[in-house]
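One structure below.
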């Protein structure tokens, strides 16, 4: 009976996107998977094929949803598109390369690189807003699926933000959470209204294709 109250969350970062490949800040911009990203998604999906996944939630952006489709191919369960699982909204950073951003917004970019927990993107989200959005979304998913195993496909900064909240990281300590590799697996247990991080950013692909963001 005890296990029925425990919810297992399998968080997946999407496979390498064309934005990752080309050093572009995508945020809410819909950028597809690269060829290598699709291969990564397939490898991760095969790794998870024996998990008893009951339901899959995915960001509605194609790089996440197409990763979710690969996972769903091994499981008879629905995929629910959830816009709140999107990446951090970049405002005027959207669609720009990191090289451009570093020149156009040197002060904010320095915070992004050195103390990301304090960053506020021009005309976009700040880290606190992202944390509130992603935490509330995943908590509602967990509460609606008590006793199940849930796969959640999302994005790198969103995963860092969520894991910072559940591990009690301050804004200054947020930077201690690394970027999870593309198509990596993070496992979280939700029980008695508490999240416990079990494993972060396990790289199934063990590949050299590891963009930092």
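Bear in mind that the values in this text are calculations on the coordinates, not laboratory data. Note that the structure is a prediction, hence the values are computed from the model and not measured. Backbone-built Cβ (ideal geometry, glycine too); neighbour counts: all protein chains shown.
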Considering only the stretch 2-202, percent of DSSP beta bridges that pair antiparallel, nearest 5: 55
The stretch 169-194-the stretch 63-140 distance, computed between alpha-carbon centres (Å): 14
Contact order normalised by residue count of the stretch 121-206, Cα under 8 Å, 6+ apart, percent: 22
For 97, 127, order by how many other beta-carbon atoms lie within 10 Å, fewest first: 97, 127
Hydrodynamic radius (Kirkwood) for the stretch 75-137, which is based on Cα pairs only, to one decimal in Å: 13.1
Percentage relative contact order, the stretch 1-76, counting C-alpha pairs under 8 Å, at least six apart: 33
Cα-based radius of gyration of the stretch 2-202 once divided by 2.2 N^0.38 Å, which approximates compact folds: 0.99
Rg ratio (alpha-carbon, reference 2.2 N^0.38 Å) - the stretch 1-98: 1.18
The stretch 2-202: relative contact order in percent, alpha carbon pairs under 8 Å with at least 6 residues between: 32
The chain: calculated mean residue ellipticity at 222 nm from DSSP helix runs of at least 4, using -39500 (n - 2.57): -10000 deg cm²/dmol
Residue 6/residue 135 FRET efficiency (R0 30 Å; Cβ-Cβ; nearest 0.05): 0.95
Fewest-first ranking of 123, 87, 94, using other Cβ atoms within 10 Å as the exposure measure: 123, 94, 87
